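Enquirer: First the structure, then my questions, so here it is.
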Amino acid sequence: MQRRQLLRTCTLGLPLAAAAVVSTSLSGCGFALRQPTQFAFKTVYLTLPGNSPLGAEMRRSLISTGQLVVVKEAAEMLTSDVILDIFAEERQRVVVGMNASGQVREQQLRLRIRFRLRTPAGKAVIPDVELFQQRDMSFTETVALSKEIEEATMYRDMQTDIVQQIMRRLGAVKAL
């Protein structure tokens, strides 16, 4: 009976010992959880159409940080710390595969964004950058409606990825 209790105590102690070893080794190597991004500016003005889905998501992401104020009025543009210019938002659907009768079987969805970050005086903080995302999608005419919904979902996912890339680049700016 005592042997069984001793065995149970040892097996319970093994996971705890393993957790202690892992946590000390991770802290010793400099591992740390990702901290909230700190920005070198407090106000930002976005130059893109108000009805742009990318613009709406970008505004939400900037505001959700809790650190930035997004200036909405063009008259107040010169009072902002930085201006985020989004030059192009291009969505493409390219056919990459067809069957023997010429029907589309595979498409490639592409999203290309060009942007820069500058001061109101015109000094480039982040020079022109082009971000590109692409996804492959099979296609069947019999389920065209569901494929249309899948396409919209894929574009939304690509857009979210690009917004997150832009946010990381904005967070990397150290001084104006």
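Taken together, the values in this text are just the output of simple stated rules run on the coordinates, not laboratory data. These numbers come from a predicted model, not from an experiment. In this analysis, Cβ positions are derived from the backbone assuming ideal geometry, glycine residues included, and neighbour counts consider all displayed protein chains.
Enquirer: So if R0 is 35 Å, what FRET efficiency would ARG60 and MET98 give, r being the distance between their Cβ atoms, rounded to the nearest 0.05?
Expert: 0.35
Enquirer: Moving on. Order of MET77, MET158, MET58 from fewest to most other C-beta atoms within 10 Å? Write down the numbers at each step before the final one.
Expert: Working: MET77 14, MET158 21, MET58 25.
Placing the least packed residue first, the sequence is MET77, MET158, MET58.
Enquirer: Follow-up question, since we're still on this one. Straight-line reach from LYS72: which lysines have Cα under 18 Å away, leaving out those fewer than 8 places along the same chain?
Expert: LYS42
Enquirer: For the range 36-171, just say rounded, prolate or oblate: build the C-alpha gyration tensor, square-root its eigenvalues into a ≥ b ≥ c, call rounded for a/c under 1.5, and beyond that prolate if a/b exceeds b/c, oblate if not.
Expert: Prolate shape, in that a/c is at least 1.5 and a/b is the bigger ratio.
Enquirer: Could the peptides 83-91, 141-149, 105-113, 65-73 be put in order, highest first, of the mean number of other beta-carbon atoms found within 10 Å of their residues?
Expert: 105-113, 83-91, 65-73, 141-149
Enquirer: For ALA144 and ASP161 in one chain, what is 0.36 nm times their gap in residues minus the Cα-Cα distance, to one decimal in nm?
Expert: Full extension of this stretch gives 3.6 nm more.
Enquirer: Now a separate question. Could you give the length gained by full extension between ALA152 and LYS72, i.e. 0.36 nm per residue of separation minus their alpha carbon distance, to one decimal place?
Expert: Between ALA152 and LYS72, full extension yields an extra 26.1 nm.
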